[in-house]
Every structure is written in C-alpha cells, then in structure tokens.
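Report on the following structure.
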Amino acid sequence: MSAQSVFTSDGIAPTRTDLTPRQLKKYSKAMQEIDKHKNTRVVCPFCGHMSMKNKFMSITKGFIVSNMFECPKCHERMRQGTLDVFAQGPKAYSEWVWSQFYEFDNRGRLNLENIKKLVKDFDFSETFWDTWKQYKEEYTTKFEDDH
Ligand SMILES: [Zn+2]
C-alpha cells in the first residue's frame, strides 16, 4: 500500500472533527458551560416558567455560547442578570416587575397571572407587595410634585 492511499477518502469515517482545533476548543468549552448549569433551577421572570438553567441556554454562531438566554416557554430573550432576578428574592423581583410594567412599558411581555401565582407559591407575597406599594406611593408623589 502506498502512502498516498492512506489519504484517500475510502474508509475514513467522517466525524465532527471536521471542526478546526480552534472550533473544537470552543465547542467543548460551550458544552462544559452547559454542563455546569445542568442542576441550577431558574425561573423565567417574564412568564414564571421554572426549569433547569441549561434549558434556557442557546448556542449560536459557530459554537460560541451566546450571552443571551431564551425561555423555552415564552421565548423571551434575556441576559444572565435578568434570568437571575427571581433568585434574588421578593424585593428585587418586585422592583424588576415594577420597572418592566411602568418604566419600560413591557407589561405585554409579562404573564401576570403566572407571576402572581409564583409570588404566592414561593411565599414572596408580603415583601413583594410591600415593595410594590412603596414604589407606587413614591412614584405617585413624584408625579404630583412635578405638576
Ligand atoms: Zn418565560
């Protein structure tokens, strides 16, 4: 057998190592990153869907892990900080919902029925609604002062 025949396509199984070493490195880094989040439970702040974090991950463009997460249920896209907001507790979550509602005019993106249920189920109600009222009073006063 001549040395040349070794390099013919006969008998050489195509593998995913069609990737360059650089792409392969990125790919394995992406898989490690996903693995790390396998057991982290997160809550989508928009719709209240609860799932494992790796379900929220999206890999895009040549195996680079996107820094955006997408909710598998409502398909809202969000950054890491937004995905973590529920885990920061009832005060932070209340502030976030408030800002989506009044500041960014994003109420159409929120599933309010689910959010209310979630807040109740997690025993967040007291702090959540206290914070909400506080904001409401603060902003109402502010608006009145402006006039
Ligand atoms: Zn969602």
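The values are calculated or read from the model by the stated rules, or taken from the named source; none is laboratory data. Bear in mind that the values here come from a model prediction, so they are computed numbers and not experimental data. Cβ: placed from backbone, ideal geometry, glycine included. Neighbour counts: every protein chain shown.
Considering Phe56, Phe86, which residue is modelled with pLDDT of 90 or more and either in contact with a Cys (Cβ under 9 Å, 6 or more places away or on another chain) or in the same structural domain as Lys136 (by TED's automatic domain parsing) (or both)?
Phe86
Any idea which residue in the range 39-49 is farthest from Leu118 (Cα to Cα), counting only those that are loosely packed, with under 15 Cβ neighbours inside 10 Å and touching a Lys or Arg at 6+ places or on another chain (Cβ under 8 Å)?
At the first step, the residues of the range 39-49 found to be loosely packed, with under 15 Cβ neighbours inside 10 Å are 39-41.
Subset that is touching a Lys or Arg at 6+ places or on another chain (Cβ under 8 Å): 40-41.
Numbers: Thr40: 18, Arg41: 14 Å.
The selected residue is Thr40.
Let me confirm something: among Lys61, Lys73, Lys36, which residue is surrounded by 11 or more Cβ atoms within 10 Å (Cβ to Cβ) and either over 13 Å from the mean Cα position of the chain (by Cα) or modelled with pLDDT under 90 (or both)?
Numbers: Lys61 fails: surrounded by 11 or more Cβ atoms within 10 Å (Cβ to Cβ); Lys73 fails: either over 13 Å from the mean Cα position of the chain (by Cα) or modelled with pLDDT under 90 (or both).
When all the criteria are applied, what remains is Lys36.
When residues of the range 39-50 are filtered for being on the phi < 0 side of the Ramachandran plot and near the ligand (Cβ under 9 Å from one of its atoms), how many remain?
Here is the first cut: in the range 39-50, the residues on the phi < 0 side of the Ramachandran plot are 39-47, 49-50.
From what's left, near the ligand (Cβ under 9 Å from one of its atoms): 43-47, 49.
Total meeting the criteria: 6.
Of all residues in the range 71-102, count the ones that are of a type in the set (Asp, Glu) and closer than 12 Å to Val43 by Cβ. Full working, then the answer.
Filtering the range 71-102 for residues of a type in the set (Asp, Glu) gives 76, 84, 95.
Now restrict to residues that are closer than 12 Å to Val43 by Cβ: 84.
The number of residues fulfilling the criteria is 1.
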